[in-house]
Amino acid sequence: IFMRIPFIAGNWKMNLSVDEAVQFLQDIKGKLPDPKVTETCIAASPLFLESMLKESAGSSLVIAAENCFYEDEGAYTGETSPKALHEMGVTHVIIGHSERRKYFNETDDIINKKVHAAFRNNLTPIICCDETMSRRESTNRISWVVSQVTNALKSITSEQAKTIIIAYEPSWAIGSGKTATTDEAEEGCYLIRQTVADLYSDEVANQVRVLYGGSVNDENADDILAQRDIDGVLAGGASLKADSFLKLANFLQ
Ligand code: PEP
């Protein structure tokens, strides 16, 4: 049986300062789990990444960008180049977070282009699959999740697909303090994995790591991480303080 290594990721969004980011890394240094047992990741603003890479050098912490553009370079004022992210040493990038979809009008098509841009530049994409309350309450829940995964992975090979991380993030649970029940979280993650199996194979689906995100904290992470199809979490609020991030990171030790 192929064992998936759990992945605990924090997403700082547009919070903290460079100094606070560096202090955070100093605080967690030496306290992270063995990466063979649990991989850990922090996604931050491009403004912080260079200092964070320097501070985390030699540690197992994965440093991710929160977003990137779908072109490598050119006349795209204000955008973040995936090529430059790779050159600076960043290895992972979040793509299609619900806040990007909501405030920056990112469509499935744009997200698919960004997934291709990530692979073209040796970045591992952490693809977010959103689900709003109105969609959840409509009868089309399954087709909505399936279509987001299918569209994000258009023309992605099975070799590439194996390496991706997908986060199920019902946006009604993000920053709301309202976590999905463990059954709801497991069902969303299961749906994502089945979609990957249908698109590729069971072998690929067994390797893809599927995370749950939405008001995860050190009190509810236990039950969430115990679910069969949930391989880790993507935490916003709970990742902003070193001690609460460390609690999440070390749950499975
Ligand atoms: C997120 O933004 O990915 C997230 C899950 O946020 P929070 O944990 O704050 O709900």
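We did not get these values from a lab; they are worked out from the coordinates using the rules stated. From a predicted model like this one, the values you see are computed outputs, not experimental measurements. All Cβ positions, even for glycine, are placed from backbone atoms using ideal geometry, and neighbour counts span all protein chains on display.
Note on region 222-253: among residues that are within 16 Å of Ile5 (Cα to Cα) and small (Gly, Ala, Ser), the one that is nearest to the chain's Cα centre (by Cα) is Gly232. Candidates in region 203-224 are the residues that are out of contact with any helix residue (DSSP H, G or I) (no Cβ under 9 Å at 6 or more places or on another chain) and outside any loop (DSSP other than H, G, I, E, B); of these, the one that is nearest to Cys128 (Cα to Cα) is Arg209. Taken as a whole, region 75-94 holds no residue that is in contact with a Lys or Arg (Cβ under 7 Å, 6 or more places away or on another chain) and either of a type in the set (Gly, Ala, Ser) or within 15 Å of the ligand (Cβ to nearest atom) (or both). Restricting region 8-58 to residues that are more than 19 Å from Lys247 (Cβ to Cβ) and within 16 Å of the ligand (Cβ to nearest atom), the residue that is surrounded by the fewest Cβ atoms within 10 Å (Cβ to Cβ) is Met14. Of the helices (runs of 4 or more DSSP H) lying entirely inside region 1-109, those containing at least 1 residues that are under 20 Å from Asp231 (Cβ atoms) are 98-103. Restricting attention to region 210-253, the residues that are farther than 19 Å from Glu184 by Cβ, within 12 Å of the ligand (Cβ to nearest atom) and of a type in the set (S, T, N, Q) add up to 2. Residues considered: Thr195, Thr163. Of these, the only one that is more than 16 Å from the ligand (Cβ to nearest atom), of a type outside the set (Phe, Trp, Tyr) and part of a loop (DSSP other than H, G, I, E, B) is Thr163. Condition check: within 16 Å of the ligand (Cβ to nearest atom), touching a residue at least 24 places away in the same chain (Cβ under 8 Å) and over 28 Å from Ala21 (Cβ atoms). Does Gln207 satisfy that? The answer is no for Gln207.
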